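Only one structure is covered here, and it is reproduced in the block below.
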Amino acid sequence: MNSMIETILAHRSVRKFTPEKLSEKTIETLVEAAQMASTSSYIQAYSIIGIKEQSKKNKLAELAGNQPYVAENGHLFIFCADFHRHNIAGKQEGTEVIPAIESTEKMIVGITDASLAAQNCALAAESLGYGICYIGGLRNNIKTVSELLELPDHVIPLFGLCVGVPAAQTETKPRLPLEGVYFEDKYPDDSQHIAQLEKYNSIVSEYYNKRTAGNRNQRWTEQITGMLSSVKRAHMKQFLQEKGYGRH
């Protein structure tokens with residue numbers, strides 16, 4: 001096993017950081033690592049916004065659901081799906097690109113490109129000994145976040161990435177069994193899913209029980225179905241359409 005795989009397998013979310021800020025060189029290195037991620041047809045449909053202004057970080061922490069680590073970290077990156085520059089390129093070349101940009105396909109491309117870049121950034125940060133935490137809570141108030149960051153049409157803030165020196169070590173969270181997510185030649189029947197979910201429920205329940213000294217023993221299916229029992233962020237569809245995505 002090489003050091004990169006060891007870094008990947010040791011991943012855990014960090015939600016408490018020391019006050020130490022990332023250096024400009026480190027920020028640049030992490031962005032360069034993000035840029036080397038695979039990108040659909042070389043389209044590079046994303047932008048990264050680094051947040052240094054503390055008042056802005058504080059506001060983003062509030063908008064994300066009062067998560068203190070959004071305000072208190074070494075650096076905060078916001079990853080955006082971005083086709084605004086492609087619209088500019090179309091004007092430079094005298095080519096109409098708006099119908100393509102506003103298609104559902106290109107929305108998927110932008111989200112995919114940004115996610116791949118973010119994971120490269122996260123792995124690079126962890127390889128340097130930093131901790132990371134993704135922040136999907138920015139989508140709780142995505143329109144206000146977009147206005148705060150002054151994002152034009154065809155640019156949507158997908159999630160944040162907190163990076164910094166961990167203030168404490170946390171445990172890795174158990175994932176689904178390999179045979180519960182990797183299938184060969186065809187998708188499995190429901191009986192295989194049921195067997196793997198029962199196995200995983202025991203693992204997760206034991207993890208929570210140990211982590212909380214017996215105060216929690218929630219099963220994974222119990223936790224996830226509770227989350228899925230109601231529609232969350234129903235405002236997303238309208239926001240995406242207002243930003244010029246998913247119109248075709």
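Throughout, read-outs are computed from the coordinates displayed, never taken from laboratory work. It should be emphasised that the depicted structure is a prediction, and the values quoted were computed from it without experimental measurement. No Cβ is skipped: glycine too gets one built from the backbone with ideal geometry, and neighbour counts run over all protein chains shown.
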- [ ] Run the dipole for the range 98-199 about the Cα centre, Lys and Arg Cβ at +1, Asp and Glu Cβ at -1, nothing else charged, and hand back the magnitude in debye, nearest 20.
- [x] 320
TODO: Set Lys and Arg Cβ to +1 and Asp and Glu Cβ to -1, take the dipole of the range 3-171 about its Cα centre, and tell me which of Ala168, Asn120, Leu76 lies farthest positive.
DONE: Ala168
TODO: Can you tell me the 0 to 90 degree angle between the C-alpha axis of helix 24-35 and the longest principal axis of the chain, rounded to 10?
DONE: 90
Open item on the list: What does the charge count around Thr112 come to, taking other residues whose C-beta lies under 11 Å from its C-beta (Lys +1, Arg +1, Asp -1, Glu -1)?
Closed with: -1
Open item on the list: Mean-square fluctuation check for the chain, GNM, Cα pairs under 10 Å: which of Ala64, Ala124, Ala195 is largest?
Closed with: Ala195
- [ ] Quote the FRET efficiency, to the nearest 0.05, computed for Lys173 versus Lys199 with a Förster distance R0 of 22 Å and r equal to the Cβ-Cβ distance.
- [x] 0.85
Task: Principal-axis tilt of helix 84-93 within the chain, Cα atoms, nearest 10 degrees - done: 30
Open item on the list: With a 10 Å cut-off between alpha carbons and a GNM built on the chain, which of Gly110, Gly164, Gly90 moves the most?
Closed with: Gly90
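Going by how many other Cβ atoms sit within 10 Å of their own, how do His75, His11, His86, His193 line up, fewest first? Intermediate values should be presented prior to the final figure.
Working: His75 21, His11 15, His86 18, His193 12.
Neighbour counts put them in this order, fewest first: His193, His11, His86, His75.
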TODO: Would you mind telling me which residue in Lys57, Lys173, Lys25 has the biggest mean-square fluctuation in a Gaussian network model of the chain, where springs connect alpha carbons within a distance under 10 angstrom?
DONE: Lys25
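Residue separation times 0.36 nm, minus the C-alpha to C-alpha distance between Lys21 and Met236: what's the value? Intermediate values should be presented prior to the final figure.
Values: separation 215, 0.36 × 215 = 77.40 nm, distance 3.26 nm.
Here the answer is 74.1 nm.
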Open item on the list: Test of the criteria: in the range 142-182, which GluC sites (Glu not before Pro) are in a DSSP loop and have at most 12 other Cβ atoms within 10 angstrom of their Cβ?
Closed with: Glu150, Glu171
Open item on the list: Using a Cα-Cα cut-off of under 22 Å, which lysines could be cross-linked to Lys143, ignoring same-chain neighbours fewer than 8 residues away?
Closed with: Lys52, Lys56, Lys57, Lys59, Lys106, Lys232, Lys237, Lys243
Open item on the list: With only alpha-carbon pairs counted, each pair once and no self-pairs, how large is the Kirkwood hydrodynamic radius of the chain in angstroms?
Closed with: 20.1
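Mean residue ellipticity at 222 nm from the helices of the chain, using -39,500 (n - 2.57) per DSSP H segment of n ≥ 4 over the full residue count, to the nearest 500 deg cm²/dmol?
-13500 deg cm²/dmol
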TODO: Pull up the cross-link candidates among the aspartates and glutamates for Lys91, meaning alpha carbon to alpha carbon under 13 Å and not fewer than 8 places away within one chain.
DONE: none
TODO: Name the aspartates and glutamates eligible as straight-distance cross-link partners of Lys210: C-alpha to C-alpha under 15 Å, and not fewer than 8 places from it in the same chain.
DONE: Glu171
